[in-house]
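In what follows, a structure is listed as C-alpha cells, so that the remarks can point back to it.
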Amino acid sequence: MENEVSREDQAIAKFKRSTMRTATYRPEDDESLLGEDATPVDGFDSHWGHSERKDSRQTWNMPPGISGHEWATARLAPDCIVADLLFADVGVLIAPGGTGKTTLVLLLAACVALGKDFIGLRVERPGPVLILTSEDSREMLVARLRRVAETLALSPSEIIHLRATVVISDVSGSGFRLTTVINDSVRPDDVVDLVATEAARIKPALVVIDPAVSFGVGEARVNDAEQGLIEAGRRLRRILNCCVLYVHHTGKQNARDGAVDQYAGRGGSAFADGARMVLVLQSLSRSDWKKYTGLPLSDGEQGLIFARPKMSYCRAQQPLYIRRSGYAFELATSVASAEHNPMADAEQVARMVEAELEVGRQHTKNSLEAIHQTANMSRQQMRDALVLALAFGKLVEKELPPEQRKGGKKTYLSLPDPDSTSPNANGEVEAENEGEAEKFNPADSTPPPLREKKDGEVVLACPIPSLPSTSPNANGEVGGVGEVGENPDTVEVKI
C-alpha cells in the first residue's frame, strides 16, 4: 500500500512539473511592487493583508492606437469556462449559510479540472482550479472533495489528476487580505500580484475565493470594500485570463424572502454591479420544489434553486433546479405544470404593473402583494412571481421623485427602460440598435457586448485584457493580441 501511495504521489509531482511552465506574466512589465524575497501563497505572513505602500504614486502610459491586427481579432466576450455560467472574468456566487454552496463549489472545481459537465452545463475550457479559503480548513475541503469524487465515481487516474489540479490554499487566521486601505482609499493589496505570479505557474481556469468578506477590509465602508475586491479580482483575471469567482453570503432578509435577484447578497450593491456573472443559490421548501419542478423530494433530499440573474456575456438564463442528496447534486429534468408555471406568473405580474402604471398607480412590492387576488394568485404566488420578474428584468425598481416619497416609500415597480439590456418578456436580449435587429444566438461567436450605465450615459465597458491566450474562441480560432507600439514617456500622477 505504501508503494502504491508513493507511485500516486510521484505521478502528481510529475504532472505538476509538466504544467508549471514559466509564467507569461512578468511583474516588471506591470510596475509590480513585489520584492525578490516573495514567498509562496501558503507562506504569507499576516502583514501582507495590511501593507502600506511608502510611495503611493501611480504611473500611466499613453497607449498606442488600435492596430489592424487588434481591430480584426478583438473579441466581444472573454473565454467561456462553463457554458452559460462562467467566463474569464469576475463573478460572484451568493447563497445563505447551510445551503451547500461550498460543496457545490467543490463539485464545480472537480468538473472544471476534469472537463466533466457541471449539473448539465458543458465545461468549455478545462484547467486547474485554485481555491483560496479563509473559512474552512484545507483538511475539511480535501475531505469534502474526496466525497464529491466518490459521488462522481472517478477512476484512479482521474482521482490522481484531480488531486494535482485542484489546489487548495488555506489562509484562515493569517490576516491575509486581497485589499488594503491607502490614503483612505480601498485598493488591491500588493499580495494580489504575488498570488497572480504564483498561480500563473499552473495556469488556472478558475480561481475561487471563499468567503469574500474575509478577504476585504471589512464592512465599515461596504461599497468601497466590495469595489476593492472587484478590482483585485479584475487584476487576477487580467494576468491569469481565468474566471475569478467570489463566494458571498446572502443578506438576512433576502435569505428569509428567498430572493434570487442580483442584489441578494449582503452588504452593498458594488459586488453585483461590478461582477459580470451573478449566481444565486437558495433552498426551496418541499412545497415550492413540487410547484416549480412537479417532482417530489425524498427523505434526506434538499431542493435548491440556482439562479443566474446577471450574465453579461450571454442571454439571460432560466433558473436551474437542483436536487441535493449528501454530496451528490442532480439537475431536475421535469418542469412544473402549466397552471403553476412560475415564469408565466412573472410575465402576468409584469403586465399587471404596466396596466396599473397606465392609469397612474405606482406600486411597491407590498402594495402589489396586497392586491394579489386581482391577478387570481395567492399571496405567496404573487411574492414568488415578483422575485422572478425582478431577477429576469421584466420589472425594475425605480426611485420616486423626492416630493412623492412618503414614510419609507422611496421606490416603485416599473418596466425596464427601452434601452436596457435586460431580457425581454421572451427571455431574449434586445438588439442594441436598429442595425442589429437579429436576435442573439448564444452559439454564435459574437455575444452582445457588455454595457454599463454611468451618469445616465451608456458606455462600452473596458476591453478584454490584452493578455495572450492560447484558448480558441467560439469559431475555433485563437484570439490575437494587438501590435505593441512605442509608448511615450511615463506620466506620474500624484495622489
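Here is a check on your reading of the model: is VAL105 among the β-branched types (Val, Ile, Thr), in contact (Cβ under 8 Å) with a residue 40 or more places away in the chain, touching a Phe, Trp or Tyr at 6+ places or on another chain (Cβ under 6 Å) and assigned by TED's automatic domain parsing to the domain that holds ILE230? Lay out the reasoning, then the answer.
Working: among the β-branched types (Val, Ile, Thr): yes; in contact (Cβ under 8 Å) with a residue 40 or more places away in the chain: yes; touching a Phe, Trp or Tyr at 6+ places or on another chain (Cβ under 6 Å): no; assigned by TED's automatic domain parsing to the domain that holds ILE230: yes.
Judged against the criteria, VAL105 is not a match.
Answer with yes or no whether GLN282 is farther than 30 Å from ASP299 by Cβ and in contact (Cβ under 8 Å) with a residue 12 or more places away in the chain.
So GLN282 fails the test.
Starting from region 122-142, keep only residues that are within 12 Å of ASP210 (Cα to Cα), then list their pairs with residues that are among the β-branched types (Val, Ile, Thr) and in a loop (DSSP other than H, G, I, E, B) whose Cβ atoms are within a distance under 7 Å, requiring at least 6 positions of separation or different chains.
LEU132/VAL171; SER134/VAL171
Search region 327-339 for residues being in a loop (DSSP other than H, G, I, E, B) and loosely packed, with under 14 Cβ neighbours inside 10 Å, and hand back the single one that is modelled with the highest pLDDT.
THR333
For ASP261, state whether it is in contact (Cβ under 8 Å) with a residue 60 or more places away in the chain, outside the structural domain of LEU400 (by TED's automatic domain parsing) and in contact with a Leu (Cβ under 6 Å, 6 or more places away or on another chain).
yes
Identify, from the list TYR321, TYR313, TYR292, the residue that is free of Cβ contacts under 8 Å to residues at least 60 places away in the same chain and outside any strand (DSSP E or B).
TYR292
crowded, with 21+ Cβ neighbours inside 10 Å and of a type outside the set (Gly, Ala, Ser): which single residue out of ASP184, ASP193 fits that description?
Details: ASP184 fails: crowded, with 21+ Cβ neighbours inside 10 Å.
Residue meeting the stated conditions: ASP193.
Looking for something over 20 Å from PHE329 (Cβ atoms), modelled with pLDDT of 95 or more, of a type in the set (A, V, I, L, M, F, W, C) and surrounded by 17 or more Cβ atoms within 10 Å (Cβ to Cβ) - is there at least one such residue anywhere in region 134-144?
no
Can you tell me which of (1) part of a helix (DSSP H, G or I); (2) over 28 Å from ALA270 (Cβ atoms) is the one LEU108 doesn't meet?
(2)
For region 65-82, state whether one or more residues are part of a helix (DSSP H, G or I), buried (at least 19 other Cβ atoms within 10 Å of the Cβ) and either touching an Asp or Glu at 6+ places or on another chain (Cβ under 6 Å) or among the β-branched types (Val, Ile, Thr) (or both).
no
Would you check if there is a residue in region 290-299 being closer than 21 Å to LYS252 by Cβ and either assigned by TED's automatic domain parsing to the domain that holds THR102 or of a type in the set (Val, Ile, Thr) (or both)?
No; the residues of region 290-299 include none that is closer than 21 Å to LYS252 by Cβ and either assigned by TED's automatic domain parsing to the domain that holds THR102 or of a type in the set (Val, Ile, Thr) (or both).
The rows are residues; the columns are (1) of a type in the set (S, T, N, Q); (2) surrounded by 13 or more Cβ atoms within 10 Å (Cβ to Cβ).
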site	(1), (2)
ARG351	no, yes
VAL359	no, no
THR364	yes, yes
ARG383	no, yes
ALA389	no, yes
PHE392	no, yes
PRO401	no, no
GLY408	no, no
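Criterion first (exposed (fewer than 15 other Cβ atoms within 10 Å of the Cβ), assigned by TED's automatic domain parsing to the domain that holds GLN317 and among the small types (Gly, Ala, Ser)) does GLY127 satisfy it?
Values: exposed (fewer than 15 other Cβ atoms within 10 Å of the Cβ): no; assigned by TED's automatic domain parsing to the domain that holds GLN317: yes; among the small types (Gly, Ala, Ser): yes.
Answer is no for this residue.
Output the residues belonging to region 235-283 that are over 21 Å from ASP224 (Cβ atoms) and assigned to a loop (DSSP other than H, G, I, E, B).
ASN241, CYS242, GLY258, ALA259, VAL260, ASP261
Quick one: which of SER169, SER155, SER134 is polar (S, T, N, Q) and more than 24 Å from ALA275 (Cβ to Cβ)?
SER155
Please specify each residue of region 157-191 satisfying the condition of being more than 30 Å from ALA270 (Cβ to Cβ), of a type outside the set (Asp, Glu) and in contact (Cβ under 8 Å) with a residue 12 or more places away in the chain.
ILE160, HIS161, LEU162, ARG163, ALA164, THR165
Right, PRO309: of a type outside the set (A, V, I, L, M) and either surrounded by 21 or more Cβ atoms within 10 Å (Cβ to Cβ) or closer than 26 Å to THR103 by Cα (or both) or not? Steps first, please.
Working: of a type outside the set (A, V, I, L, M): yes; either surrounded by 21 or more Cβ atoms within 10 Å (Cβ to Cβ) or closer than 26 Å to THR103 by Cα (or both): yes.
Here the answer is yes, as PRO309 does meet what is asked.
Given (1) hydroxyl-bearing (Ser, Thr, Tyr); (2) within 15 Å of the chain's Cα centre (by Cα); (3) assigned to a loop (DSSP other than H, G, I, E, B), where does THR102 come up short, assuming only one miss?
Exception for THR102: condition (3).
Does MET352 count as modelled with pLDDT of 60 or more and either under 29 Å from ALA77 (Cβ atoms) or part of a strand (DSSP E or B) (or both)?
no
For every residue, the table says whether it meets (1) within 21 Å of MET277 (Cα to Cα); (2) of a type in the set (A, V, I, L, M); (3) more than 22 Å from the chain's Cα centre (by Cα).
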{"position": "ARG177", "(1), (2), (3)": "no, no, no"}
{"position": "ILE182", "(1), (2), (3)": "no, yes, yes"}
{"position": "VAL186", "(1), (2), (3)": "no, yes, no"}
{"position": "GLU198", "(1), (2), (3)": "no, no, yes"}
{"position": "ARG201", "(1), (2), (3)": "no, no, yes"}
{"position": "VAL207", "(1), (2), (3)": "yes, yes, no"}
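The values are calculated or read from the model by the stated rules, or taken from the named source; none is laboratory data. Keep in mind that this is a model prediction, so the values were computed, not measured. Here the Cβ is made from the backbone with ideal geometry for all residues, glycine too, and neighbour counts use every protein chain on show.
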